[in-house]
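The block underneath contains the structure these notes are about, expressed in structure tokens.
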Amino acid sequence: MEHLLSEITPLVSAYGLWIVFFGMMVEGTSMIIATGILCYLGMLSFPSAFFVAILGAVVGDQLWYFLGQRYALRLLNYFPSLKPRVEKLEESVHHKGALLAFSGRFIYSGAILFPMTLGIYKYDHRTFSIFDTLGVMVWSFLGISLGYVLGTSAELIFGKLEKVWHFVLILAFIIFIAWVIKKYLLMKKH
């Protein structure tokens with residue numbers, strides 16, 4: 001394990017911020033918590049990771065907004081399960097668009113669904129960008145801080161976190177919890 005850590009640390013140091021950037025464009029919750037853990041481990045700096053997480057999330061949200069605006073019908077044909085959700089959100093877009101833009105990252109499946117829906121219904125792009133960026137900033141700070149706290153808490157439980165398997169165990173636990181929550185929410189819908 002020590003050898004594995006010595007190989008992974010330089011990779012994370014060299015490419016970690018790129019991984020955070022692209023990870024935030026696609027999937028945010030696990031990535032933001034893992035980013036906080038990496039900050040705790042000293043593999044990433046908190047300020048740099050915070051800035052890159054915001055940048056990646058905002059770029060991703062802009063991408064989903066414009067995809068929704070320009071290619072909505074084609075996208076919904078590829079993802080038919082999204083169509084009823086998008087139609088359900090139409091009323092909210094007109095009355096609570098700024099709230100949807102702000103809260104997209106805080107709500108399960110909202111990171112892609114909300115920007116796309118706001119684009120589909122031609123919500124004002126400037127207002128979307130402002131509230132989305134504010135929401136992403138708050139969400140990134142809280143998510144990275146949560147990951148950092150989880151790393152700190154794990155250190156109290158496991159001792160000094162110097163082995164990769166501790167990080168992997170924590171990450172696997174987070175993924176498992178997210179999976180359980182997802183299954184619970186899906187069961188609750190049916």
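Among residues belonging to segment 129-163 that are in contact with an Asp or Glu (Cβ under 9 Å, 6 or more places away or on another chain) and modelled with pLDDT under 90, point out the one that is surrounded by the fewest Cβ atoms within 10 Å (Cβ to Cβ). Once the filter is applied, the top-ranked residue is 162. Among the residues of segment 7-42, those that are β-branched (Val, Ile, Thr) and over 12 Å from the mean Cα position of the chain (by Cα) comprise 8, 9, 12, 19, 37. Going by the conditions given, is residue 38 closer than 17 Å to residue 141 by Cα, of a type outside the set (Lys, Arg) and not in a helix (DSSP H, G or I)? Taking the combined requirement at face value, the residue does not satisfy it.
For residue 105, the requirement of being among the basic types (Lys, Arg), in contact with a Phe, Trp or Tyr (Cβ under 8 Å, 6 or more places away or on another chain) and at pLDDT below 85 is met.
Within the set 66, 114, the sole residue that is surrounded by 15 or more Cβ atoms within 10 Å (Cβ to Cβ) and touching a residue at least 24 places away in the same chain (Cβ under 8 Å) turns out to be 114. The condition of being in contact with a Gly (Cβ under 7 Å, 6 or more places away or on another chain), within 30 Å of residue 149 (Cα to Cα) and not charged (D, E, K, R) holds for only one of 104, 60, that being 104.
In a residue-by-residue description of segment 70-82, the property of being crowded, with 20+ Cβ neighbours inside 10 Å and either closer than 22 Å to residue 129 by Cα or in contact with a strand residue (DSSP E or B) (Cβ under 8 Å, 6 or more places away or on another chain) (or both) applies to no position. Can you say whether residue 48 is closer than 25 Å to residue 175 by Cα, at pLDDT 90 or above and not acidic (Asp, Glu), as far as the supplied structure shows? Yes. Looking across segment 88-107, the residues that are exposed (fewer than 13 other Cβ atoms within 10 Å of the Cβ) and either farther than 23 Å from residue 29 by Cβ or touching a helix residue (DSSP H, G or I) at 6+ places or on another chain (Cβ under 8 Å) (or both) come down to 90, 91, 94, 95, 107. For segment 64-81, the tally of residues that are part of a helix (DSSP H, G or I) and more than 14 Å from residue 119 (Cα to Cα) stands at 2.
The values are calculated or read from the model by the stated rules, or taken from the named source; none is laboratory data. Treat the numbers as computed from the prediction; the structure is a model and nothing was measured. As a convention, Cβ positions derive from the backbone with ideal geometry for all residues, glycine included, and neighbour counts pool all protein chains shown.
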